[in-house]
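Single-structure report; data block below.
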């Protein structure tokens, strides 16, 4: 019982700061804040300071091991007399306050700075940049190899699907290895409108007829490589892909690589079959392409009735050599001709006539006109003086010269060519007979059968108005 009474007494001191009565083993002790003398014993954990029992903790003394922190703030909610720094972490600076409003006890964290979208100057007035979304800009034309020295004349064209700004859009080109990047940086808004075609190019790309929307200093598009057969271009912003395309190498000098006519889109331009070399010359004659406007027809192209259209280029077997007149009677100058039979309707623009013996003479049907040739027709290609012999040429090849004889070869070769490809070829024997054509027998109009020498013969019939022997512009007679 005595031990229990002592425990109760201690509990009274701890909770109330005073000794409990009723047991001989306990004696009155000075509680927290009670008067005391130097000789008076204050309750455990307290000390007599200036006649008042105070907490040891208030004065920096360590509490006895195992005792509760009964002196700290116990019965003193205002913490009067606490030393500076005694408040818990997060307490406000008013020593002894109940920490109301401290962030450590539930106050909201002050918010950070609000997001401010990037801006550009629109005619001097700041506004938010309209960043392009995926597919809103579409590669539509690439000019990677200007004629002559490139000298930063390269450019590319974008079709704009939605109103947007090009500010901070990143352009990249790569063949192999790391891409070469260019950023479209400007304080002014690089605004582009939906439905428009905009050209971005190097510092020397702009001409009197070519407007460049934004200059990318030092731009040089890949135009050849020994390590790869293609190059890839891409657009992105902030890590978001906008569009990309791949074009073949080497690029054709002076000719743009373009998306075929029709409304471009960022999916369709991924297909290599959707692209082609441009076929229509630009206002600037050094460029074949349509920078800044809807793409025109692919190469080859030609003009008919002053309108550009796709050219129907002849293929092997579409044209057949059927008659050759290398040796007019008397002076040959400007009076030679050849006849061609048409097995498929084609355009003759760009057709080359090559005559080879020990040397080669080549003439080309040049210009922009299509020069259409109808199926089943006979076309006469002649020098400028054949009218004197009663020949009406279909097309004139000034300077056409066919060998009459040779001391080094026994035959002369005649070839029809286009873009380096042989369309048809035939040989005639040397020396050539004077005043008579060398003709394919009239029963044959085939590009394979005209390779057989026995299917050819000298014309022996004068058909008029031609003054020689032969039938320029008409079916041949049958060889004997």
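Quick notes on this one:
- Segment 319-458: radius of gyration over Cα atoms, expressed as a fraction of 2.2 N^0.38 Å: 0.97
- Pairs of Cα atoms in segment 121-299 fall into 5 Å distance bins, from 0 up to the last occupied one, in shares of 1, 9, 18, 23, 22, 16, 8, 3, 1, 0 percent.
- Sorting 213-223, 116-126, 268-278, 157-167 by average packing, meaning the other beta carbons within 10 Å per residue, from highest down gives 157-167, 213-223, 268-278, 116-126.
- A Förster distance of 51 Å, applied to the separation of the beta-carbon atoms of residue 419 and residue 183, puts the FRET efficiency at 0.80.
- Fully extended contour minus Cα-Cα distance, from residue 211 to residue 194, at 0.36 nm per residue: 4.3 nm
- Three-way shape call for segment 107-187 based on the alpha-carbon gyration tensor, with the a/c threshold at 1.5: prolate
- Across segment 319-458, the mean sequence separation of Cα contacts (distance under 8 Å, 6 or more residues apart), normalised by length, yields a relative contact order of 29 percent.
- Within segment 213-245: backbone nitrogen closer than 18 Å to the residue 176 label point (7 Å, Cα to C-beta): 222-233
- Pairwise label distance in nanometres, residue 119 with residue 401, each label 7 Å out on the Cα-Cβ vector: 7.5 nm
- Using a Förster distance of 60 Å, the FRET efficiency for residue 460-residue 304 (Cβ separation, nearest 0.05): 0.90
- Derived value for segment 237-296: Kirkwood hydrodynamic radius 12.7 Å. Basis is the mean of 1/r over every pair of different alpha-carbon atoms.
- Overall, the ratio between the Cα radius of gyration of segment 259-338 and 2.2 N^0.38 Å, rounded to two decimals, is 1.72.
- Ordering of 196-202, 253-259 by burial proxy (mean other Cβ atoms within 10 Å per residue, highest first): 253-259, 196-202
- Note on residue 283/residue 225: beta-carbon distance plugged into 1/(1 + (r/R0)^6) with R0 of 25 Å gives a FRET efficiency of 0.20.
- Computed over segment 121-299: relative contact order in percent, which uses C-alpha pairs under 8 Å that are six or more apart: 25 percent
- Label point at residue 345 placed 7 Å out along Cα→Cβ; residues across segment 353-393 whose backbone nitrogen lies under 20 Å: 369-380
- Computed over the alpha carbons of segment 406-445, Rg followed by Dmax gives 12.6, 33 Å.
- Added length on full extension, which subtracts the Cα-Cα distance from 0.36 nm per residue, residue 162 to residue 133: 9.6 nm
Read-outs: derived from the displayed coordinates by stated rules, not from any lab. Just so you know, these numbers come straight off a predicted model, no measurement behind them. Don't worry about glycine lacking a Cβ; one is built from the backbone with ideal geometry, like all the others, and counts go over all protein chains shown.
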